[in-house]
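Participant: Could you have a look at this structure, given as structure tokens, before my questions?
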Amino acid sequence: MNGEGLSDRAKETAGAERDHADEAYWDASWRRDAPTPVDLDDARLRNHVNLRLGRLLDHVLAGLPDRRPGWRTFRSQDNGAAAGPKAPPPPGQSQPVVIEAGCGGSAWLPVFAQRHGCAVIGVDYSARGCALARATLEQAGAPGRVIQADLFDPPAELAGCADVVFSQGLAEHFSPTSALTARLAWLLKPGGLALTIVPNMRGLTGLAQRLADRQIFNLHVPLNPMELARAHAEAGLTPLEHGWLGTLNLGVVNCSGLPRAVARPLTLTFAGVSMAAWALERALRAELPNGLTSPQAYCVARKPGA
């Protein structure tokens, strides 16, 4: 593992990381077909979770260092309203680079390329996950690269190349968490931003997962927003914003370990309860992020130096 550019705390944990979910687990977990690319123009209720994350991405990407005209400095008081697709950069000016770390099975790479005009790179150590990510890019007609690599032994070309590193459902599988966030920091340019999202395994989502399949629950390190922010700080990044994301989404609970006669009605119940909560959010024009029911925690952090 290359320690160049790591904080002292991150160097202490280098090589001591533990991956709770190995490559075989992920290869067995991915769907047979590539996921449908996220469509942020789809306003239907079933797309509610994607629209929420889309607003957060608009918010974060609007806060990149001023590498392109109109890209403002990050302010935590921004309301995160959707900004719409970005115009292409002027001739001779490079595109911002976004890396999705742990991109296997993700449907978000095309969003970064087509909505935000970014050069996208997906990184995952699962061959199956990489194949699905490439297929999703192809399905969307979006440019991008997908690299099969271990973040703890990455290609040297990725060092300090990213304006944004995005990960969702990755950091919670490693102990200590700072070992993983240090690798995210290694990918960033000075002034670049990390957006890290993890499931809320301390709240209702975690309780439901523990009851549905304790083995899958045990693959996760429960983290709250403060702990996630601390892991970024220990990796040498400066946390800018952290918190709970959304009000409720029990659709993320994995019931595959239960008998089919139990799993299917339980999954449908979780989906129905979640959609009722989303409909209420829309009616009230407000979300209620909280430690009990929110499905995810997130942190935005900047790499010093720009």
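Participant: Just checking, does the range 133-144 include any residue being at pLDDT 95 or above, buried (at least 17 other Cβ atoms within 10 Å of the Cβ), among the polar types (S, T, N, Q) and within 19 Å of the chain's Cα centre (by Cα)?
Facilitator: Looking through the range 133-144, at least one residue is at pLDDT 95 or above, buried (at least 17 other Cβ atoms within 10 Å of the Cβ), among the polar types (S, T, N, Q) and within 19 Å of the chain's Cα centre (by Cα).
Participant: Identify all residues within the range 275-299 that are closer than 30 Å to Ala185 by Cβ and in contact with a Ser or Thr (Cβ under 6 Å, 6 or more places away or on another chain); write none if there are none.
Facilitator: Glu287, Pro295, Cys299
Participant: How many residues are part of a helix (DSSP H, G or I), surrounded by 16 or more Cβ atoms within 10 Å (Cβ to Cβ) and of a type outside the set (S, T, N, Q) if we restrict to the range 39-54?
Facilitator: Summing the residues that are part of a helix (DSSP H, G or I), surrounded by 16 or more Cβ atoms within 10 Å (Cβ to Cβ) and of a type outside the set (S, T, N, Q) in the range 39-54 gives 6.
Participant: How many residues, within the range 152-179, are polar (S, T, N, Q) and over 11 Å from Ala101 (Cβ atoms)? Quick ask: steps written out before the conclusion?
Facilitator: Just the residues of the range 152-179 that are polar (S, T, N, Q), to begin with: 167-168, 175, 177-178.
Then drop every residue that is not over 11 Å from Ala101 (Cβ atoms), which leaves 175, 177-178.
Here the count works out to 3.
Participant: If you go through the range 262-275 one residue at a time, how many are closer than 20 Å to Gln215 by Cβ and among the small types (Gly, Ala, Ser)?
Facilitator: Count: 1.
Per-residue answers, yes or no, for (1) farther than 17 Å from Leu245 by Cβ; (2) within 15 Å of the chain's Cα centre (by Cα); (3) part of a loop (DSSP other than H, G, I, E, B):
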position	(1), (2), (3)
Leu184	yes, yes, no
Pro190	yes, no, no
Leu193	no, yes, no
Met201	no, no, yes
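Participant: Working only within the range 158-192, note down all residues that are under 16 Å from Ala233 (Cα atoms), touching a Phe, Trp or Tyr at 6+ places or on another chain (Cβ under 8 Å) and not aliphatic (A, V, I, L, M).
Facilitator: Within the range 158-192, just Arg183 meets the criteria.
Participant: Same structure, new question: Which residues, taken from the range 218-233, are farther than 20 Å from Asn290 by Cβ and either modelled with pLDDT under 95 or not in a helix (DSSP H, G or I) (or both)?
Facilitator: Passing the criteria: Asn218, Leu219, Val221.
Participant: Inside the range 155-172, can you point out the residues that are touching a Leu at 6+ places or on another chain (Cβ under 8 Å), without any contact (Cβ under 8 Å) to a residue 60 or more places away in the chain and not aliphatic (A, V, I, L, M)?
Facilitator: Glu172
Participant: Please pick out the residue among Leu268, Leu250, Leu207, Leu258 that is hydrophobic (A, V, I, L, M, F, W, C), touching a residue at least 24 places away in the same chain (Cβ under 8 Å) and surrounded by fewer than 17 Cβ atoms within 10 Å (Cβ to Cβ).
Facilitator: Leu258
Participant: Just checking, how many residues over the range 102-128 are touching a Phe, Trp or Tyr at 6+ places or on another chain (Cβ under 6 Å) and in a helix (DSSP H, G or I)?
Facilitator: Matching residues across the range 102-128 total 1.
Participant: Which members of the range 261-278 meet the condition of being more than 24 Å from the chain's Cα centre (by Cα) and of a type in the set (Gly, Ala, Ser)?
Facilitator: Residues satisfying the conditions are Ala261, Ala263, Gly272, Ala276.
Participant: Has the range 271-281 got any residue that is in contact with a strand residue (DSSP E or B) (Cβ under 8 Å, 6 or more places away or on another chain) and surrounded by fewer than 18 Cβ atoms within 10 Å (Cβ to Cβ)? Can you show your working first?
Facilitator: Of the range 271-281, the ones in contact with a strand residue (DSSP E or B) (Cβ under 8 Å, 6 or more places away or on another chain) are none.
Within the range 271-281, not a single residue is in contact with a strand residue (DSSP E or B) (Cβ under 8 Å, 6 or more places away or on another chain) and surrounded by fewer than 18 Cβ atoms within 10 Å (Cβ to Cβ).
Participant: In the set Ile147, Ile99, which member is buried (at least 19 other Cβ atoms within 10 Å of the Cβ), in contact with a strand residue (DSSP E or B) (Cβ under 7 Å, 6 or more places away or on another chain) and either of a type in the set (A, V, I, L, M) or outside any loop (DSSP other than H, G, I, E, B) (or both)?
Facilitator: Working: Ile147 fails: buried (at least 19 other Cβ atoms within 10 Å of the Cβ).
None of the others qualify; the one that does is Ile99.
Participant: Can I ask one more? Of the conditions (1) without any contact (Cβ under 8 Å) to a residue 60 or more places away in the chain; (2) under 30 Å from Pro190 (Cα atoms); (3) of a type in the set (A, V, I, L, M, F, W, C); (4) crowded, with 18+ Cβ neighbours inside 10 Å, Ile216 satisfies every one except a single condition; which number is it?
Facilitator: Result: Ile216 passes all but (2).
Participant: Given Leu248, Leu258, Leu292, Leu288, which one is over 25 Å from the mean Cα position of the chain (by Cα) and either in a helix (DSSP H, G or I) or of a type outside the set (Gly, Ala, Ser) (or both)?
Facilitator: Just a single option satisfies the conditions, and that option is Leu258.
Participant: Quick check on this structure: which one of Asn200, Asn224 is crowded, with 22+ Cβ neighbours inside 10 Å and touching a residue at least 40 places away in the same chain (Cβ under 8 Å)? Walk me through how you get there before you give the answer.
Facilitator: Numbers: Asn224 fails: crowded, with 22+ Cβ neighbours inside 10 Å.
Only one candidate passes the filter, namely Asn200.
The values are calculated or read from the model by the stated rules, or taken from the named source; none is laboratory data. Nothing here was measured: the structure is a model prediction, and the numbers come from that model. Quick reminder, even Gly has a Cβ in these numbers, built from the backbone with ideal geometry, and neighbours come from all protein chains shown.
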